[in-house]
C-alpha cells in the first residue's frame with residue numbers, strides 16, 4: 001500500500017525493518033533429483049562432454065559466448081569464472097550418477113535492495129526437460145528467498161528466445177516488459193525481456209514446486225501427473 005509524505009505525495013510502502021541482505025555464498029544446495037554445487041575446474045571435462053551430446057550447437061545461440069572448440073578451451077573458461085563473486089556460477093549435479101549435467105548462475109547481485117537474477121543457464125541434454133531442470137531452478141529460488149531473504153528474483157532473456165520466455169512463465173515468473181536495443185550480442189541487436197518473482201509470491205510458488213517435484217506426482221515411467229502450472233493455480 002502506498003504511503004504519503006508531508007506534501008501529500010505517494011512515496012510507496014514503508015519498509016520499517018528492512019536491512020541489506022547477505023551476499024550469496026558458494027554453498028551446496030541439495031535436492032531430490034539434483035544438487036547445486038559451486039562451479040569448479042574439475043567439473044569442466046564432464047560438463048563439456050555433456051554439452052557435446054547435443055545434436056548441434058543451438059543451445060549456445062542465446063548465450064553470450066560462442067561454443068568452445070575443445071575441452072581445453074572450455075576448461076579455461078571455467079577457470080576464468082569459477083571464483084567470481086558476481087556472476088556466481090553453480091554446477092547442476094545429477095544425484096543418481098553424481099555427474100555434472102549443466103550450469104546456471106546468480107548474477108547482478110544487489111544486497112542493498114534485495115534483488116538478484118538467475119542467468120548463464122546452460123543445460124545439457126542430460127538435464128533439459130527433466131524434473132532435475134525444474135528442481136535446479138527451485139533450489140536457487142529457495143536459497144534466494146528463504147535463506148537470504150531477498151525481495152526480488154529476476155529472469156531476463158533475449159526477446160526472441162521463445163524457449164526461455166516459456167520457461168520463465170512456467171516457473172512462475174511474471175512478465176514485466178521489454179527493454180529495446182538493450183545489448184549487442186554476437187553482432188546482433190538484442191531486445192531484452194524482463195521477468196520477476198517477488199517475495200510476496202514465493203510462499204504459493206514454493207508449495208507448487210514442492211507438490212510438483214514430489215515422487216507421487218510422477219508415473220512409473222516418469223511422466224508428470226499434474227503440471228506445475230496446475231499446482232500453481234491451486235495455491236494462488
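The values are calculated or read from the model by the stated rules, or taken from the named source; none is laboratory data. Keep in mind the model is a prediction, meaning the values are calculated, not measured. Neighbour counts run over all protein chains shown; Cβ positions are idealised from the backbone, glycine included.
Structure summary
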item	result
Residues that are within 16 Å of the chain's Cα centre (by Cα) and within 30 Å of residue 17 (Cβ to Cβ), drawn from segment 148-167	148, 150, 151, 152, 153, 154, 155, 156
Matching option when the condition is more than 30 Å from residue 66 (Cα to Cα), surrounded by 13 or more Cβ atoms within 10 Å (Cβ to Cβ) and touching a helix residue (DSSP H, G or I) at 6+ places or on another chain (Cβ under 9 Å), among 153, 173, 209	209
Condition met for residue 165 (modelled with pLDDT of 95 or more, surrounded by fewer than 21 Cβ atoms within 10 Å (Cβ to Cβ), in contact with a strand residue (DSSP E or B) (Cβ under 8 Å, 6 or more places away or on another chain) and part of a helix (DSSP H, G or I))	yes
Hey, residue 145 assigned to a strand (DSSP E or B) and in contact with a helix residue (DSSP H, G or I) (Cβ under 6 Å, 6 or more places away or on another chain) or not	no
Output for segment 102-121, where each listed residue is in contact with a helix residue (DSSP H, G or I) (Cβ under 9 Å, 6 or more places away or on another chain) and under 20 Å from residue 79 (Cβ atoms)	102, 103, 104, 105, 106, 120
Test: residue in segment 77-93 that is part of a loop (DSSP other than H, G, I, E, B), surrounded by fewer than 15 Cβ atoms within 10 Å (Cβ to Cβ) and in contact with a strand residue (DSSP E or B) (Cβ under 8 Å, 6 or more places away or on another chain)	yes
Scope segment 97-112; condition under 16 Å from residue 123 (Cβ atoms) and assigned to a loop (DSSP other than H, G, I, E, B); matching residues	97
Subset of segment 50-75 (residues that are under 24 Å from residue 97 (Cβ atoms), under 20 Å from the mean Cα position of the chain (by Cα) and surrounded by fewer than 17 Cβ atoms within 10 Å (Cβ to Cβ))	60
Residue check for residue 140: out of contact with any helix residue (DSSP H, G or I) (no Cβ under 7 Å at 6 or more places or on another chain), modelled with pLDDT under 95 and either under 20 Å from residue 165 (Cβ atoms) or in a helix (DSSP H, G or I) (or both)	no
Filter result for residue 24 (under 17 Å from the mean Cα position of the chain (by Cα), closer than 24 Å to residue 125 by Cβ and surrounded by 13 or more Cβ atoms within 10 Å (Cβ to Cβ))	no
Conditions (1) touching a helix residue (DSSP H, G or I) at 6+ places or on another chain (Cβ under 6 Å); (2) within 12 Å of residue 90 (Cβ to Cβ); number of the one not met by residue 44	(2)
Some residue of segment 28-36 being under 19 Å from the mean Cα position of the chain (by Cα), without any contact (Cβ under 8 Å) to a residue 60 or more places away in the chain and either in a loop (DSSP other than H, G, I, E, B) or under 24 Å from residue 157 (Cβ atoms) (or both)	yes
Filter result for the condition that a residue is free of Cβ contacts under 8 Å to residues at least 60 places away in the same chain and surrounded by fewer than 18 Cβ atoms within 10 Å (Cβ to Cβ), over 179, 218	179
Out of 110, 56, sole residue that is more than 30 Å from residue 227 (Cβ to Cβ) and free of Cβ contacts under 8 Å to residues at least 60 places away in the same chain	110
